[in-house]
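One structure is given below, encoded as structure tokens.
The values are calculated or read from the model by the stated rules, or taken from the named source; none is laboratory data. This is a predicted model, so every value here is computed, not measured. Using ideal geometry, Cβ is built from the backbone for each residue, glycine included, and neighbour counts are taken over all protein chains shown.
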Amino acid sequence: MAESYAWLLVLGSVLLCSLFKMLLPTLSSLMAKLLQKDGETELQMRIEIGNMKQELTMISMMDEFARYARLERKINKMTDKLKTHVKTRTAQLAKIKWVVNIAFYIVQAVLMISLILKYYSEPVAMLPRKWMAPLERMVAFPTGIEGGVGITCWLLVCNKVVAVALQPFG
Amino acid sequence: MESGGENEQQHQQRKKMTSERRKAELRRRKLLLNSEERLNRIMGFSKSGAEEENLGDSLPPYELEKTETLQKSGLSKRTPGIPNDTADGSVTSIHYNNGTEFQGPYSADRRDSLNKMNEADNDLGQGSRHLGKPDVPVEQAQRAPRRGIEQYISRFDEAMKLRNQLMSEKSGHENGGGGEEFGTFRVFRLVGSALLALLVRVFVCRYLAIFAPFLTLQLAYMGLSKYFPKSEKKARTTVLTAALLLSGIPAEVINHSMDTYGKMGDVFADLCVYFFSFIFSHEVIVFIGVDLP
């Protein structure tokens with residue numbers, strides 16, 4: 001017969017997965033910050049470019065053309081370097097996000113499959129048979145026990161209810 | 001006397017020239033005025049096919065070419081776009097649509113004339129065999145791409161409209177924040193379903209199956225829906241609706257289907273909330289140990 005708290009276990013798992021899914025972007029950015037340690041270099045480059053641009057405005061192009069041109073070349077070189085740096089960083093960030101998402105979906109799939117296998121022949125809750133008429137068979141699938149609530153029906157219901165409940169916070 | 005004779009000859013020659021010129025002028029005007037008729041005749045809009053044969057036989061090749069060039073120039077003048085002769089000799093027109101330029105043979109306004117021409121293709125198909133002219137298969141080959149181009153233009157217009165709609169929806173979504181999904185009525189439905197489940201567990205389930213009150217509730221919601229302010233349901237354009245639109249399904253059918261699908265989704269959500277609340281309340285009652293059937 002049904003375990004007393006099987007329905008609560010399934011509900012808890014679904015709730016946990018949904019909460020984790022909501023926090024995935026934050027987790028990805030945290031992981032990116034931990035793995036990418038050269039964020040300061042980028043900041044320094046930006047500050048340097050800003051300073052050079054300020055210096056450039058103070059130089060007269062007509063009077064000191066050579067110096068102006070040299071500084072402009074420096075700025076362009078630094079800007080290109082910064083662009084490449086930002087490109088690699090964003091590509092890395094996208095990769096990390098992708099990996100985190102894939103890992104989450106794998107964990108979620110494994111959890112769901114294990115729950116289904118555990119409660120394949122056992123209902124998560126038991127109710128009098130006549131309460132479920134005329135959908136008792138559909139509700140009891142795949143256990144086949146009339147009056148029982150099957151894992152698939154309960155998973156579906158929990159997913160929907162949790163999605164509706166968490167929608168305002170999403 | 002001789003000079004008089006010469007004068008007379010010159011006079012006669014001048015008369016001939018002027019009459020010839022007049023004739024040429026008349027012929028030119030006639031060609032220009034009747035270019036549409038000629039085109040229709042060549043395309044086979046006339047009732048009898050014999051007329052086409054006669055036309056084809058009577059007109060020498062250089063006249064046929066002349067009429068073709070006249071028709072092409074006439075048609076290109078009629079199109080609102082800028083005429084542009086391409087390398088293969090066909091006339092195209094440049095159109096400006098939403099700030100982007102594209103080149104197409106005819107504008108969307110000429111679809112009617114194109115359709116007529118396409119309908120006449122079938123008639124001409126038989127006539128061309130009789131005519132045995134090398135120009136006619138070329139015309140037929142040109143008409144097939146015209147149909148394809150016409151379809152392409154209509155699809156392009158639809159795609160541009162869709163793109164603009166998506167852009168406006170995206171900007172609206174960014175501004176609005178997408179918080180319109182939970183309308184008042186939806187919240188009312190969900191809360192009502194949960195409360196009913198509780199009531200059914202406490203009072204009703206010993207007499208009835210649990211799904212009967214739910215059906216009654218849904219019927220009540222259908223009647224109550226008109227008393228609630230209807231939230232502005234924007235037509236949400238997704239990849240699926242875009243694909244359906246471009247495949248030729250009318251927008252009204254798609255909207256109607258999406259509305260029905262949305263309503264079914266609402267009913268399913270209500271059912272899930274109702275069932276969940278029922279099971280939850282049942283388990284809580286059992287846990288607490290209240291003696292209820």
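Which residues, counting only those in segment B:157-211, are outside any helix (DSSP H, G or I) and modelled with pLDDT under 70?
Within segment B:157-211, B:Gly177, B:Gly178, B:Gly179, B:Glu180, B:Glu181, B:Phe182 meet the criteria.
When segment A:1-57 is examined, which residues are found to be within 23 Å of A:Val164 (Cα to Cα), free of Cβ contacts under 8 Å to residues at least 40 places away in the same chain and more than 14 Å from chain B (Cβ to nearest Cβ)?
A:Leu16, A:Leu23, A:Thr26
Could you figure out which of (1) closer than 28 Å to A:Ile113 by Cβ; (2) in a helix (DSSP H, G or I) isn't true of A:Arg67?
Of (1) closer than 28 Å to A:Ile113 by Cβ; (2) in a helix (DSSP H, G or I), only one is false for A:Arg67: (1).
Checking A:Lys97 against (1) in contact with a helix residue (DSSP H, G or I) (Cβ under 6 Å, 6 or more places away or on another chain); (2) among the charged types (D, E, K, R); (3) without any contact (Cβ under 8 Å) to a residue 24 or more places away in the chain, only one condition comes out false. Which one?
(3)
List pairs: first in segment B:185-206 and of a type in the set (Gly, Ala, Ser), second assigned to a helix (DSSP H, G or I), Cβ under 6 Å, 6+ apart or cross-chain?
Once the first residue is of a type in the set (Gly, Ala, Ser) and sits in segment B:185-206, its partners that are assigned to a helix (DSSP H, G or I) give B:Ser193/B:Asp270; B:Ser193/B:Val273; B:Ser193/B:Tyr274; B:Ala194/B:Val273; B:Ala194/B:Ser277; B:Ala197/B:Tyr274; B:Ala197/B:Ser277; B:Ala197/B:Phe278.
β-branched (Val, Ile, Thr), buried (at least 17 other Cβ atoms within 10 Å of the Cβ) and within 14 Å of chain B (Cβ to nearest Cβ): does that describe A:Val139? Give the steps one after another, and end with the answer.
Numbers: β-branched (Val, Ile, Thr): yes; buried (at least 17 other Cβ atoms within 10 Å of the Cβ): yes; within 14 Å of chain B (Cβ to nearest Cβ): yes.
Yes, satisfied.
In the list B:Met258, B:Met264, which residue meets the criterion of being at pLDDT 90 or above and within 35 Å of the chain's Cα centre (by Cα)? Working first, answer last.
On the way: B:Met258 fails: at pLDDT 90 or above.
Being at pLDDT 90 or above and within 35 Å of the chain's Cα centre (by Cα) holds for just one of B:Met258, B:Met264, which is B:Met264.
Looking at (1) modelled with pLDDT of 90 or more; (2) over 16 Å from A:Leu11 (Cα atoms), can you tell me which one A:Pro134 breaks?
Failing condition for A:Pro134: (1).
Of these, A:Val14, A:Val100, A:Val86, which one is under 26 Å from A:Trp154 (Cβ atoms) and surrounded by 12 or more Cβ atoms within 10 Å (Cβ to Cβ)?
Among A:Val14, A:Val100, A:Val86, only A:Val14 is under 26 Å from A:Trp154 (Cβ atoms) and surrounded by 12 or more Cβ atoms within 10 Å (Cβ to Cβ).
Output the number of residues of segment A:116-135 satisfying the condition of being facing chain B (nearest Cβ under 8 Å) and assigned to a helix (DSSP H, G or I).
Selection size over segment A:116-135: 3.
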